[in-house]
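Undergrad: Starting off with a structure, shown below.
Derivation of every value follows stated rules applied to the coordinates shown; laboratory data play no part. The structure displayed is predicted, hence computed values, not measured ones. For neighbour counting, all protein chains shown are included, and Cβ atoms are generated from backbone atoms with ideal geometry for every residue, glycine included.
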Amino acid sequence: MNNHNLFAALRAAFPTDSADLDTVAVETDSGLHYSWHDLERSTAMLANLLRSLHLPEGARIAVQVEKSVEAMLLYLATLRAGYVFVPLNTAYQHAEIEYFIGNAEPAVVVCASRNFGWVSKIAFKAGTQNVFTLDDDRSGSLLARAAHCSDQHEVAQRQADDLAAIIYTSGTTGRSKGAMLSHGNLLSNALVLKDYWGWQKDDVLIHALPIFHVHGLFVAIHGALLNGSKMIWLNKFDAHKVAENLPRATVFMGVPTLYVRLLAEPGLSADACRRMRLFISGSAPLLVDTFRQWQTRTGHTILERYGMSETIMLTSSPCRASQGFDRRGGTVGLALPGIKLRVQSDGGQPLPAGETGNIEVKGPNVFQGYWRMLEKTAEEFTLDGYFKTGDVGKLDADGYLTIVGRSKDLIISGGYNVYPAEIESWLNDMPGVAESAVVGVAHPDFGEVGVAVLVAKPGATLDATHIMAQLKSSLANFKIPKQCFVLDELPRNAMGKVQKNVLRERYKALFS
Ligand code: MLC
Ligand code: AMP
């Protein structure tokens, strides 16, 4: 029987003859080299460690560690052993981690050793039996234990619709949803991108994104591994280091903030990009200005693609000559092969080209539903099985999609999602706060950032700086509004609804 385990497909692309197995698969900016053989052996050892724990079928492995090659190996080993990977943003703090662990009920938690005290307390309270540590300098109990395990491991047998990962789409409280992705979802998307983006064995990817979200974890890693292509690995994005490595690379992936920061880097030039084949941008809107500046400076046209945690990649600008090469700034390209994408009115009617409406999608990449949220899952699908993305856009006559906004109240800041409702609920609970509103406004570096507006309770005086400091001690740092204002009242319409558009308009030039 065919094994649908995603790891089996990735490993099938590793070199087969023993000399090639010893070539470099991953090279880090600190000078470490990992061969294909290393990837094979170390994922086997980690998979054997997980297997030795006698975990139940479908067990979740929740991981909150700094980016490192070993963290990637843990992801691959989880697939290999047939368990479910749950990556968590390193910025998440106590309340956030408590929610995710409580919700996912992982059998194993892996955290940074500096967080072991508080994370293990949360985990053990939630019933987790195994808590390991892993640091970005290859230390910690996980690797120490795996070192005693065999380096021979047969890839676990999995069906296409067996779960491979749960990706949480937002912060704390009951609102945060775990998108369940199967081996089949991930592999189908990786295969489509392999072909569409024309990946080749001799491609070299600069991997500079975090690996706890779809972009860095799936699109980038699967892209390289499924093609036996080498990765130049940066644990943290650094514009200077990326520019330095460009002459040895062919593919780069980034959120728009990375492109903005690279444009400010003196080392970025057409000559540095001479071997580059593909610059890919996504996760947030890329300004046409950035798109044009990049063309002028490097001679390359950025390929934009659009996706989300629930669906992985949905659209892409054309890549190769046979696709027409026509990358149009301000659009996110065409629906990928095998993916149906439509724009519908609020009443659920298909809209003609040029008209703006709700983006809905269907395909083998679309997730299995939200973890333990049957009703929420049902609400997000149409009767004919399309997933409602919550994004608003329009298609042109050639099928190019432009995203014009979102029906969901969401801020995308430097590629991270921030839900105003989550921040507002924290603010509203603070002493002296009567009500609050958080809106997204344009920002030159992060694209968009949150601005908070507070109204004090009668007789109370609010200190905006103090309130932001309080918030920072509770929530991931990227969620903290970059400015906070205290007003006498929030603007409301005749129905009493807060007019966030009025606030967005008022503060739109705050960071320009
Ligand atoms: C950092 N900060 C941010 C921020 N990142 N503020 C708002 N938005 C962000 N994204 C703030 C911190 O709070 C901190 O503030 C200060 O900046 C320095 O923190 P840092 O961690 O040192 O920042 P830096 O390393 O410069 O990180 C910036 C970044 C990072 C752009 C490199 O945010 C990043 O890697 N973004 C990529 C996100 C990503 O991969 N998204 C893909 C999601 S998948 P203070 O006040 O504490 O000093 C997805 C689906 C799809 O969306 O389609 O791909
Ligand atoms: P996430 O839930 O983190 O996966 O974020 C997915 C959201 O990011 C999508 O629903 C879009 O709103 C946004 N997004 C992803 N790619 C793009 C893009 N290329 N341009 C604009 N928005 C994007």
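Undergrad: What number, rounded to the nearest 500 deg cm²/dmol, is the helix-based mean residue ellipticity at 222 nm of the chain, given -39500 (n - 2.57) per DSSP H run of at least four residues and division by all its residues? All intermediate terms of the calculation are to be shown ahead of the outcome.
TA: Values: 16 runs with 145 residues, N = 512.
About -8000 deg cm²/dmol.
Undergrad: Can you tell me which lysines have their Cα less than 27 Å from the Cα of Lys408? Leave out same-chain residues fewer than eight positions away.
TA: Cross-link targets: Lys177, Lys340, Lys362, Lys376, Lys388, Lys394, Lys472, Lys479, Lys482, Lys497, Lys500, Lys508.
Undergrad: Compute, for the chain, the length of the dipole vector about the Cα centre, with Cβ point charges of +1 (Lys, Arg) and -1 (Asp, Glu) only. Units Debye, rounded to 20. Write out the running numbers ahead of the final one.
TA: Numbers: 49 positive and 52 negative charges, 73 e Å.
Result for the chain is approximately 340 debye, rounded to the nearest 20.
Undergrad: Choose one of Gly31, Met231, Val260: the residue whose Cα lies farthest towards the positive end of the charge dipole of the chain (beta-carbon charges +1 Lys, Arg; -1 Asp, Glu; about the Cα centre).
TA: Value computed over the given set: Val260.
Undergrad: Distance between the C-alpha centers of region 72-87 and region 292-341? Whole Å please.
TA: Using only Cα atoms, the two centres lie 29 Å from each other.
Undergrad: Above 33 angstrom, tally the Cα pairs of the chain and express them as a % of all pairs, no decimals. Each step should come with its number before you reach the end.
TA: Details: 52635 of 130816 pairs.
The share of Cα pairs beyond 33 Å in the chain comes to 40 percent.
Undergrad: Also, quick follow-up: Could you give the dipole magnitude of region 55-176 about its Cα centre, charging the beta-carbon of Lys and Arg +1 and that of Asp and Glu -1, in debye to the nearest 20?
TA: Numbers: 10 positive and 13 negative charges, 53 e Å.
The calculated dipole for region 55-176 is roughly 260 debye.
Undergrad: Here is a further query. Give, rounded to the nearest 20 debye, the magnitude of the charge dipole that region 411-507 has about its Cα centre when Lys and Arg contribute +1 at Cβ and Asp and Glu contribute -1 at Cβ.
TA: Numbers: 9 positive and 10 negative charges, 22 e Å.
Roughly 100 debye for region 411-507.
Undergrad: In nm, what is the difference between 0.36 nm times the number of residues separating Arg492 and Glu355 and their Cα-Cα distance? Provide the component values of the computation, followed by the final result.
TA: On the way: separation 137, 0.36 × 137 = 49.32 nm, distance 2.87 nm.
Full-extension gain reported as 46.5 nm.
Undergrad: Taking the dipole about the Cα centre of the chain, with the C-beta of Lys and Arg at +1 and of Asp and Glu at -1, give me whichever of Ala112, Leu487, Gly440 is farthest to the positive side.
TA: Highest projection toward the positive end goes to Leu487.
Undergrad: May I ask you to sort Met45, Met468, Met313 by Cβ crowding, counting other Cβ atoms within 10 Å and putting the fewest first? Let's see the in-between values first.
TA: On the way: Met45 20, Met468 16, Met313 24.
Taking fewest neighbouring Cβ atoms as first place, the list is Met468, Met45, Met313.
Undergrad: Can you classify region 411-507 as rounded, prolate or oblate using the Cα gyration tensor, where a ≥ b ≥ c are the square roots of its eigenvalues, rounded means a/c under 1.5, and otherwise it's prolate if a/b beats b/c and oblate if not?
TA: Since a/c reaches 1.5 but b/c is at least a/b, the shape of region 411-507 is classed as oblate.
Undergrad: Here's something else I'd like to know. Multiply the residue gap between Glu379 and Ala321 by 0.36 nm, knock off their C-alpha separation, and tell me the result in nm, one decimal place. Spell out each step's value before the answer.
TA: Numbers: separation 58, 0.36 × 58 = 20.88 nm, distance 4.05 nm.
In short, 16.8 nm is gained.
Undergrad: Setting aside same-chain residues fewer than 8 positions from Lys230, which lysines have a Cα under 28 Å from its Cα?
TA: Straight-distance partners of Lys230: Lys67, Lys194, Lys201, Lys241.
Undergrad: Set the Förster radius R0 to 41 Å, insert the Cβ-Cβ distance between Arg274 and His33 as r into 1/(1 + (r/R0)^6), and round the FRET efficiency to 0.05. Walk me through the numbers before you get to the answer.
TA: Numbers: r = 24 Å, r/R0 = 0.58.
Using R0 = 41 Å, I get an efficiency of 0.95.
Undergrad: Moving on. Considering only DSSP states other than H, G, I, E and B, which GluC sites (Glu not before Pro) in region 330-403 qualify as loop sites with at most 13 other Cβ atoms within 10 Å? Intermediate values should be presented prior to the final figure.
TA: Values: sites: Glu355, Glu360, Glu375, Glu379, Glu380; in loops: Glu355, Glu380.
Passing both the DSSP loop test and the Cβ count: Glu355.
Undergrad: Cα centroid distance between region 402-480 and region 217-264, in Å?
TA: When both Cα centres are located, 30 Å separates them.
Undergrad: Evaluate the distance, in nm, between pseudo-label points positioned 7 Å from the Cα of Arg292 and of Gln152 along their respective Cα→Cβ axes.
TA: 6.3 nm
Undergrad: Any chance you could run the full-extension gain for Phe511 through Ala397? It's 0.36 nm times the residue separation minus the Cα-Cα distance, nm to one decimal.
TA: On the way: separation 114, 0.36 × 114 = 41.04 nm, distance 3.59 nm.
Stretched out fully, the Phe511 to Ala397 stretch lengthens by 37.4 nm.
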